[in-house]
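> Mind having a look at this structure? Questions to follow.
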Ligand code: 6PG
């Protein structure tokens, strides 16, 4: 048996791209790491390809060797496909001799309910911990945003590794600190990770991150589409606009890569832009759908997040849309005069819609903490999204500040900064939505965000009529404006002149 000095600080199972990159990131920070992959040749190749890392990489052929190679209590990160594979790996680890105080960290995009269940299921055999990891391949390699959830004692073991490998932001302005390279991690700065809460809290917050990612992407693609159809601009000209927007309040990773994407020529047809060769049918793996489904389950109006999921569903029925386009004629998009003003209006529409989208995501987490008895720190969550993750944006510094000022903020729209911003942009936002409707250009996320804003700020909504209808056909009862909440009434419709009965 190896002496404890030569044992690895941590283990990692699953050497697909994310696993490999996370392992290299961990090793770059000086931690010894044992790695295992189901297909042994992948492990051997990985070790061969990475001979010199500051921390030692130990490739293991069997799970028994793997377990023996890690210091106790063991911290083992698993990066396998979310779903039954997670349990299969944990069960194999148990058969191979994992101890009761060892910690298994599921770093995949697992459903938070599975994480809650698994923590209980394995409670007397090991410590099951869940962590969201965002940032794609490059994030995993040079600094992801990490959203850990599980028991606080396990977090203490994971914390030094997670804080070392996470992306870092500048403590003064909250901007990501760039410059990490193989073997040269960034030092200093605030790590984009912090303990989120027990059991499934980390995976839940990662799911909401992804729901927001969906709506962010949908809004950007609608802005692109409106600019293109209303102003007839080329992808290169559009790339300049997105590049320009990235210098201001919309500064974010997704805007930055959009500019890059729009400039890209098609390698197969160099005279064409690649974006024009890509089929308009979006894929999805399920985290957006989970977010929207959970919003429905909890009764939280996250309509724009749901709209972004439905927009992908609509995009996917390409053949049906092509057939419908021949029969269902709408208005011809008219060329718009005043390109400069229109570009600015679309920027404002994007910005205001984005504020609403984040307001919905945070509202969802506010409800979830009640539902699952968590105590979420929204300032800290916004803070860890400032760097490393897909939705990283300068904007998140403002959200961090909003929740630092008022941890119990009811809705982001009620924060003085965001209130001022959205009130200033609403006129142009309305103009863009009206123009989209008038010209028959689909802009479901812009429209749904505006509907969210107008509904949220409405002291009175037409739900009185819905309640009347429900009472009429099903005696479902209603509350009255002149009576305390919680007192329910019914009348025998249509003879509403008969005395109403309190029920
Ligand atoms: C991230 C991403 C990552 C993944 C998405 C893609 O935070 O790094 O969100 O988790 O790329 O899950 O999701 P879809 O395939 O559903 O778009």
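The values are calculated or read from the model by the stated rules, or taken from the named source; none is laboratory data. Computed from a predicted model, the values in this text were never measured in an experiment. Using ideal geometry, Cβ is built from the backbone for each residue, glycine included, and neighbour counts are taken over all protein chains shown.
> All but one of (1) over 16 Å from residue 205 (Cβ atoms); (2) touching a strand residue (DSSP E or B) at 6+ places or on another chain (Cβ under 6 Å) hold for residue 404; which doesn't?
Of everything listed in (1) over 16 Å from residue 205 (Cβ atoms); (2) touching a strand residue (DSSP E or B) at 6+ places or on another chain (Cβ under 6 Å), residue 404 misses just condition (2).
> Would you be able to tell me the number of residues in region 50-104 that are more than 33 Å from the chain's Cα centre (by Cα), more than 22 Å from residue 156 (Cβ to Cβ) and exposed (fewer than 13 other Cβ atoms within 10 Å of the Cβ)?
Adding up the residues that qualify gives 7.
> On to the next question. Check region 207-214 and report whether any residue there is in contact (Cβ under 8 Å) with a residue 40 or more places away in the chain, farther than 14 Å from residue 365 by Cβ and more than 16 Å from the ligand (Cβ to nearest atom).
No, region 207-214 contains no residue that is in contact (Cβ under 8 Å) with a residue 40 or more places away in the chain, farther than 14 Å from residue 365 by Cβ and more than 16 Å from the ligand (Cβ to nearest atom).
> Within region 215-230, how many residues are over 21 Å from residue 132 (Cα atoms) and either part of a strand (DSSP E or B) or within 14 Å of the ligand (Cβ to nearest atom) (or both)?
Selection size over region 215-230: 3.
> Select from region 117-141 the residues that are within 13 Å of the ligand (Cβ to nearest atom) and buried (at least 21 other Cβ atoms within 10 Å of the Cβ) and write down the one among them that is farthest from residue 385 (Cα to Cα).
141
> May I ask you to verify whether residue 262 is assigned to a loop (DSSP other than H, G, I, E, B), touching a strand residue (DSSP E or B) at 6+ places or on another chain (Cβ under 8 Å), closer than 27 Å to residue 310 by Cβ and more than 14 Å from the ligand (Cβ to nearest atom)?
no
> In region 164-184, which residue that is touching a strand residue (DSSP E or B) at 6+ places or on another chain (Cβ under 9 Å), assigned to a loop (DSSP other than H, G, I, E, B) and under 24 Å from residue 19 (Cβ atoms) is nearest to the ligand (Cβ to nearest atom)? Let's see the steps before the verdict.
Let us first name the residues in region 164-184 that are touching a strand residue (DSSP E or B) at 6+ places or on another chain (Cβ under 9 Å), namely 164-171, 174-177, 180.
Narrowing further to those that are assigned to a loop (DSSP other than H, G, I, E, B): 166-167, 170-171, 174-175, 177, 180.
Within this subset, residues satisfying the condition of being under 24 Å from residue 19 (Cβ atoms) are 166-167, 180.
Values: 166: 13, 167: 12, 180: 17 Å.
Filtering region 164-184 for residues that are touching a strand residue (DSSP E or B) at 6+ places or on another chain (Cβ under 9 Å), assigned to a loop (DSSP other than H, G, I, E, B) and under 24 Å from residue 19 (Cβ atoms), the one nearest to the ligand (Cβ to nearest atom) comes out as 167.
> Can you tell me which residues in region 450-477 are in a loop (DSSP other than H, G, I, E, B), exposed (fewer than 15 other Cβ atoms within 10 Å of the Cβ) and free of Cβ contacts under 8 Å to residues at least 40 places away in the same chain?
Going residue by residue through region 450-477, those that are in a loop (DSSP other than H, G, I, E, B) are 457-462, 475-477.
Restricting the remaining residues to those that are exposed (fewer than 15 other Cβ atoms within 10 Å of the Cβ) gives 457-462, 475-476.
Scanning region 450-477 gives 458, 459, 460, 461, 462, 475, 476.
> Determine, yes or no, whether residue 238 is in a loop (DSSP other than H, G, I, E, B), away from the ligand (no atom under 16 Å from the Cβ), farther than 26 Å from residue 177 by Cα and more than 24 Å from the chain's Cα centre (by Cα).
In short, no.
> Here are 366, 419, 347, 430: which of them is without any contact (Cβ under 8 Å) to a residue 12 or more places away in the chain and in a helix (DSSP H, G or I)? Let's see the steps before the verdict.
Numbers: 366 fails: without any contact (Cβ under 8 Å) to a residue 12 or more places away in the chain; 347 fails: without any contact (Cβ under 8 Å) to a residue 12 or more places away in the chain; 430 fails: without any contact (Cβ under 8 Å) to a residue 12 or more places away in the chain.
Result of the check over 366, 419, 347, 430: 419.
> Checking residue 335 against (1) within 16 Å of the ligand (Cβ to nearest atom); (2) in contact (Cβ under 8 Å) with a residue 40 or more places away in the chain; (3) out of contact with any helix residue (DSSP H, G or I) (no Cβ under 6 Å at 6 or more places or on another chain), which test does it fail?
Result: residue 335 passes all but (1).
> Quick check, is residue 204 within 30 Å of residue 118 (Cβ to Cβ), more than 16 Å from the ligand (Cβ to nearest atom) and either within 22 Å of the chain's Cα centre (by Cα) or assigned to a strand (DSSP E or B) (or both)?
For residue 204, the condition - within 30 Å of residue 118 (Cβ to Cβ), more than 16 Å from the ligand (Cβ to nearest atom) and either within 22 Å of the chain's Cα centre (by Cα) or assigned to a strand (DSSP E or B) (or both) - is not met.
> Okay, moving on. Can you name the condition, by its number, that residue 270 falls short on among (1) out of contact with any strand residue (DSSP E or B) (no Cβ under 6 Å at 6 or more places or on another chain); (2) more than 21 Å from residue 390 (Cα to Cα); (3) modelled with pLDDT of 95 or more?
Result: residue 270 fails condition (3) only.
> Checking the conditions here, which among 190, 103, 161, 196 is touching a helix residue (DSSP H, G or I) at 6+ places or on another chain (Cβ under 9 Å), away from the ligand (no atom under 16 Å from the Cβ) and within 18 Å of residue 391 (Cβ to Cβ)?
Result: 190 is the single residue among 190, 103, 161, 196 that is touching a helix residue (DSSP H, G or I) at 6+ places or on another chain (Cβ under 9 Å), away from the ligand (no atom under 16 Å from the Cβ) and within 18 Å of residue 391 (Cβ to Cβ).
> Working carefully through the options 306, 282, find the one that is closer than 24 Å to residue 234 by Cα, in contact with a helix residue (DSSP H, G or I) (Cβ under 6 Å, 6 or more places away or on another chain) and within 15 Å of the ligand (Cβ to nearest atom).
282
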